[in-house]
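Mind looking over this structure? Questions follow.
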């Protein structure tokens, strides 16, 4: 017999987690469809955005940390983006080996195209949903993320199999 959560909050949180997993898959599929013909995938688009919207040029490890992704995954994507001419690596005055990642003009153009498509798509997606409901969902997801990232004790208390 499998253990299951006993409190109402824990059962509700399990439901939320499952829906977020489904949403993640649906968002990745939709994102891939939105940008496939401009040479992007959802993963490439996400990393381009992470690079573009940081307040200063960052090395791969920082981009990964900002986005909650592994350094290795972001490095692989940055390598692909560099081969495609969408990013370039420049010397980092703070660290000789950790190059800074910057968008090229082509990367900026590609990201602008993706952003235009996303704006039209999200208008349709948000139609008939109350802004307050969306904001409440964002707040709940942020609070859950914060707990997962900030309270390592939750992970330590998890029994080992």
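Taken together, the values in this text are just the output of simple stated rules run on the coordinates, not laboratory data. Treat the numbers as computed from the prediction; the structure is a model and nothing was measured. Virtual Cβ from ideal backbone geometry, glycine too; neighbours counted across all protein chains shown.
Pull up the range 103-125, narrow it to residues that are touching a helix residue (DSSP H, G or I) at 6+ places or on another chain (Cβ under 7 Å) and without any contact (Cβ under 8 Å) to a residue 60 or more places away in the chain, then point me to the one that is surrounded by the most Cβ atoms within 10 Å (Cβ to Cβ).
Step one: list which residues in the range 103-125 are touching a helix residue (DSSP H, G or I) at 6+ places or on another chain (Cβ under 7 Å), which gives 103, 107, 110-111, 113-114, 117-118, 121.
After this cut, where a residue has to be without any contact (Cβ under 8 Å) to a residue 60 or more places away in the chain as well, the list is 103, 107.
Values: 103: 19, 107: 22.
Looking at the filtered set, the residue picked out is 107.
Moving on to the next point. Of these, 38, 51, which one is touching a residue at least 60 places away in the same chain (Cβ under 8 Å) and over 30 Å from residue 5 (Cβ atoms)?
Values: 51 fails: touching a residue at least 60 places away in the same chain (Cβ under 8 Å).
Exactly one residue qualifies, and that residue is 38.
Looking at 48, 34 in this structure, which one is surrounded by 11 or more Cβ atoms within 10 Å (Cβ to Cβ) and farther than 16 Å from residue 80 by Cα? Reasoning before the result, please.
Numbers: 48 fails: farther than 16 Å from residue 80 by Cα.
On inspection, the qualifying residue turns out to be 34.
Continuing with this model, one more query. Any residue at all in the range 28-37 that is within 21 Å of residue 138 (Cα to Cα), assigned to a helix (DSSP H, G or I) and touching a helix residue (DSSP H, G or I) at 6+ places or on another chain (Cβ under 7 Å)?
Within the range 28-37, one or more residues are within 21 Å of residue 138 (Cα to Cα), assigned to a helix (DSSP H, G or I) and touching a helix residue (DSSP H, G or I) at 6+ places or on another chain (Cβ under 7 Å).
Please go through the range 50-62 and give me each residue that is within 18 Å of residue 115 (Cβ to Cβ) and either part of a helix (DSSP H, G or I) or touching a strand residue (DSSP E or B) at 6+ places or on another chain (Cβ under 8 Å) (or both), ordered by number.
50, 51, 52
Can you name the residue in the range 65-102 that is touching a strand residue (DSSP E or B) at 6+ places or on another chain (Cβ under 8 Å) and free of Cβ contacts under 8 Å to residues at least 24 places away in the same chain and, of all such residues, is surrounded by the fewest Cβ atoms within 10 Å (Cβ to Cβ)?
Result: 91.
Could I ask something else about it? Tell me yes or no: at least one residue of the range 51-64 is farther than 28 Å from residue 134 by Cβ, surrounded by fewer than 18 Cβ atoms within 10 Å (Cβ to Cβ) and touching a helix residue (DSSP H, G or I) at 6+ places or on another chain (Cβ under 7 Å).
To start, the set of residues in the range 51-64 that are farther than 28 Å from residue 134 by Cβ comprises 56-62.
With surrounded by fewer than 18 Cβ atoms within 10 Å (Cβ to Cβ) added as a condition, the list becomes 56-57, 61.
Narrowing the set further to residues that are touching a helix residue (DSSP H, G or I) at 6+ places or on another chain (Cβ under 7 Å) leaves 61.
The answer is yes, given that some residue of the range 51-64 is farther than 28 Å from residue 134 by Cβ, surrounded by fewer than 18 Cβ atoms within 10 Å (Cβ to Cβ) and touching a helix residue (DSSP H, G or I) at 6+ places or on another chain (Cβ under 7 Å).
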